[in-house]
Amino acid sequence: MNWREYQALQRVSELGERFLSYVDEGRGDPVLLLHGIPTWGYLWQGLLPALSGPHRVLVPDLLGFGYSDRRDCFDRSIGRQAELIDAWLGKLGLEHIHVVGHDIGGGVALRLATLFPRRVSRLALLNSVCYDSWPIEGMLQFGHPGAYRRLSATAALRLLKLMLRQGFARSPDDELLEGLLAPYATEVGKLSLIRNASALNTNLTTEVSPLLTRLELPALVLWGENDAFQPVKYGERLARDISGAQLVRVREARHFVMLDRPDEVGGHLLSFLGGAGAEPLPAGAGVP
Amino acid sequence: MLGLGKSRPVPEHEAEGEIERVYHEIRQTLRVTGVNLNFRTWAAYEKFLPAMWDAVRPNAQTRAFEDAADGLREQAVRSSEGLGRLGAASALALGESQRYHIRGALDLYHYVNPKLLLLTSAVRLSLQGEPIGEGDGRAAPEERIEPGPPGAMHSMEMESEKPKDKTVRALFGDITRTLALSSINSDYRTLALWPDYLDAAWARIKPIIGRDEYRRSADSLRDRARALARALPHPIPLTAERLGELGEDVGGIQETTERFERLLPGLILNVALFSLDWRTPEELVRSPFPAAASRLIRGGIR
């Protein structure tokens with residue numbers, strides 16, 4: 001599926017003066033997929049067919065990302081994102097949902113699980129930000145307010161492509177990269193992404209770190225083990241702190257683990273989330 | 001809307017100094033999320049834009065200006081109703097989010113374009129030495145509207161003027177040739193974010209643009225804009241002599257202004273025609289973003 005086909009699947013939900021674009025596919029136990037920075041819901045397109053078989057899969061573009069609201073007048077922190085996602089799920093009438101988060105989407109998932117615990121029934125974290133693992137240097141620089149003037153949209157796109165490539169174990173094709181960055185190819189998109197990067201804040205994960213040991217829910221920590229952005233040591237720490245969490249290391253995979261190893265990641269998620277045809281996790285999957 | 005002038009238009013992200021200051025005030029005063037091509041083109045005349053803006057701003061922030069623009073918009077919708085329906089939106093399998101964004105983009109231009117025409121007409125008349133500022137007193141001159149873009153207004157997001165996509169490039173070429181533009185309008189650059197939609201909408205509107213009734217509607221809008229400009233509440237101290245004193249290219253500025261004034265009525269009609277695919281005429285004659293009265297009083301923050 002190319003990014004325009006994915007965009008055509010998106011719906012819209014208004015929340016006060018803000019709006020979220022999202023994909024809502026399949027029927028069954030609901031699953032929420034949260035992307036990170038600098039991507040959007042399209043990140044998950046490869047897993048949609050598999051996951052939407054046994055599940056209702058909801059994939060929002062976080063506020064300020066993708067084709068959700070990107071006006072330059074609101075807070076894009078993961079704290080605000082978690083509050084907004086909680087409100088949106090309430091609007092959809094979804095009391096409980098399985099949550100899968102990648103990168104800062106994992107940060108949003110951690111805040112949902114710790115601060116809105118009744119909302120989250122299962123938690124899967126994929127190469128997620130956590131503790132003081134973030135923001136990475138490249139995003140800190142990108143988030144400087146002066147970047148708006150220093151970088152044209154074209155230059156920003158070139159820089160982001162270079163950055164993204166480092167997150168793959170094998171060189172991704174141009175079409176995929178174009179798709180992942182499509183919403184940020186304009187000046188408005190560039191500015192929005194800069195504001196998103198400006199909102200990256202370690203304190204919003206360190207704040208909830210002490211709460212991780214109190215989590216009482218099935219959890220999966222799945223990590224592309226060659227990730228230089230979010231090293232696997234953070235995944236190991238999460239798996240130690242969240243009681244009963246399974247740690248799955250994915251070999252020959254980096255930050256974008258679901259794109260490097262889509263079948264393997266899809267299998268693990270289906271197994272963890274349950275549903276028709278799900279296979280159990282392979283023996284030893286939980287051993288760091 | 002039209003890219004003319006002695007040098008290239010100044011994009012918002014490249015604006016500095018006085019131009020940056022004026023761009024900010026334009027967004028605030030006209031209540032819009034971006035700066036349209038007429039201003040970006042005028043900004044190439046770097047002394048002209050601030051002088052022009054400082055001269056027109058007292059009018060642009062009034063209720064009288066807002067009401068006059070509302071009147072132009074209503075006239076455009078009524079005229080467009082008689083020009084036919086495009087049916088571009090229903091011809092495509094657009095997703096809900098895409099439809100939401102296109103509708104939002106059209107609302108933005110449907111709102112701001114009549115203001116641009118009114119302001120451009122006022123500038124043109126001033127530069128020709130015609131008096132402005134003989135308001136009929138229907139609106140109290142001191143009544144101002146609340147500044148700042150409405151919360152629900154979409155961002156003025158645009159495709160690059162030189163898009164990578166061949167289809168969009170060809171479409172831009174056809175639009176600029178057909179409308180005799182030197183540069184592609186903001187409106188079309190925004191709609192190009194959904195290339196299939198712009199392609200379908202342009203293919204349907206292009207034959208209408210050549211009709212006599214379309215031209216008559218556009219002429220009528222321009223005449224009305226001039227009449228409304230003459231009736232604005234505040235004088236506009238902007239003359240060709242003043243521009244000469246500033247060392248600006250008076251002929252170039254006048255030519256640019258005249259061409260914008262000639263083309264904006266058509267653009268207003270086109271956006272109304274596009275919008276009729278998405279909203280009823282009764283919805284469209286109302287301002288998409290009604291302005292509240294300003295909490296500031298005359299003599300307060302200017």
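No lab work stands behind these numbers, since they all come straight from the coordinates. This one's a predicted model, so the numbers in the text were calculated from it and none came from an experiment. Here the Cβ is made from the backbone with ideal geometry for all residues, glycine too, and neighbour counts use every protein chain on show.
If I take all pairs of Cα atoms in region B:164-302, what percentage of them are more than 21 Å from each other?
On the way: 5722 of 9591 pairs.
Cα-Cα pairs of region B:164-302 separated by over 21 Å account for 60 percent.
Evaluate the Kirkwood expression for the hydrodynamic radius of region A:158-264, namely the inverse of the mean inverse distance over all pairs of different C-alpha atoms, and round to one decimal in Å. Intermediate values should be presented prior to the final figure.
Values: mean 1/r = 0.0633 Å⁻¹.
One decimal place: 15.8 Å for the Kirkwood radius.
Between the amide H of residue A:57 and those of A:25, A:26, A:31, distances stay under 5 Å, these residues lying 5 or more places away or on another chain, with hydrogens modeled in the peptide plane. Summary of the geometry: region B:155-213 and region A:85-132, compared by the centres of their Cα atoms, lie 42 Å apart. Sequence gap at least 6, Cα distance under 8 Å: using those rules, report the relative contact order of region B:12-285 to the nearest whole percent. Contact order relative to length: 36 percent.
What's the angle, to the nearest 10 degrees (0 to 90), between helix B:48-60's Cα axis and the longest principal axis of chain B? Its long axis makes an angle of about 90 degrees.
Each listed q (0.09, 0.11 Å⁻¹) maps to a log10 I(q)/I(0) for region B:12-285, found by the Debye formula over equal Cα scatterers with no solvent: -0.40, -0.61.
Taking label positions 7 Å along the Cα-Cβ direction at both residue A:159 and residue A:2, the computed distance is 2.8 nm, reported to one decimal. The distance from the alpha carbon centre of region A:193-238 to that of region A:28-56 is 19 Å, rounded to a whole number. With the convex hull constructed from alpha-carbon coordinates only, region A:3-273 shows a mean projected area of 12.3 nm² over all directions.
Within region A:200-214, list the residues whose amide N lies under 12 Å from a label point set 7 Å along Cα→Cβ of residue A:132. Counting only backbone N, you get A:202-203, A:206-207.
I want the local charge near residue A:262. Using Cβ-Cβ distances under 15 Å, sum +1 for each Lys or Arg and -1 for each Asp or Glu among the other residues.
On the way: positive: A:170, A:251, A:254, A:261; negative: A:173, A:252, A:260, A:263, A:264.
Net charge around residue A:262: -1.
Taking B:40, B:211, B:230 as the candidate residues, the one with maximal mean-square fluctuation in a Gaussian network model of chain B, Cα springs under 10 Å, is B:211. Database remark: amide H of residue A:34 closer than 5 angstrom to the amide H of A:100, A:101, A:102 (H placed geometrically; neighbours at sequence offset of 5 or more, or on other chains; Pro and chain starts carry no H).
If you take the C-alpha gyration tensor of region B:1-96, multiply each eigenvalue by 5 and take the square root, what semi-axes do you get, largest first, in whole Å?
Numbers: eigenvalues 186, 76, 35 Å².
Gyration-tensor ellipsoid for region B:1-96: 30, 19, 13 Å.
Projecting label points 7 angstrom from Cα along Cα→Cβ for residue B:162 and residue A:115 puts them 4.6 nm apart. Mean partner shielding of peptide A:178-186, defined as the number of other chain Cβ atoms within 10 Å of each residue Cβ, is 2. Ellipticity at 222 nm from helices only: DSSP H runs of n ≥ 4 in chain A, each -39500 (n - 2.57), divided by the residue count, give -10500 deg cm²/dmol.
Between residue B:54 and residue A:72, the distance separating the two model label sites (each 7 Å from Cα on the Cα→Cβ line) works out to 2.4 nm.
In region A:1-131, one over the average inverse separation of all distinct C-alpha pairs is 14.4 Å, which is the Kirkwood hydrodynamic radius.
So for chain A, averaging the separation of alpha carbon pairs under 8 Å that are six or more residues apart and normalising by length, what relative contact order in percent results?
Result for chain A is 19 percent.
Using the Cβ of residue B:149 as centre and a radius below 15 Å, the other residues enclosed give a net charge of -3, where K and R count +1 and D and E count -1.
Calculated mean residue ellipticity at 222 nm for chain B: -18500 deg cm²/dmol, from DSSP H runs with n ≥ 4 weighted as -39500 (n - 2.57), summed, divided by the residue count and rounded to 500. Counting pairwise Cα distances across the protein assembly as shown, what percent come out greater than 43 angstrom? When all Cα pairs of the protein assembly as shown are counted, 28 percent exceed 43 Å.
Footprinting exposure proxy ranking of A:223, A:134, B:278, fewest other C-beta atoms within 10 angstrom first, gives B:278, A:134, A:223.
First select every other residue whose beta carbon is under 15 angstrom from the beta carbon of residue A:141; then total the charges, Lys and Arg +1, Asp and Glu -1. Write down the numbers at each step before the final one.
On the way: positive: A:149, A:150, A:158, A:190, A:195; negative: A:137.
So the environment of residue A:141 carries a net charge of +4.
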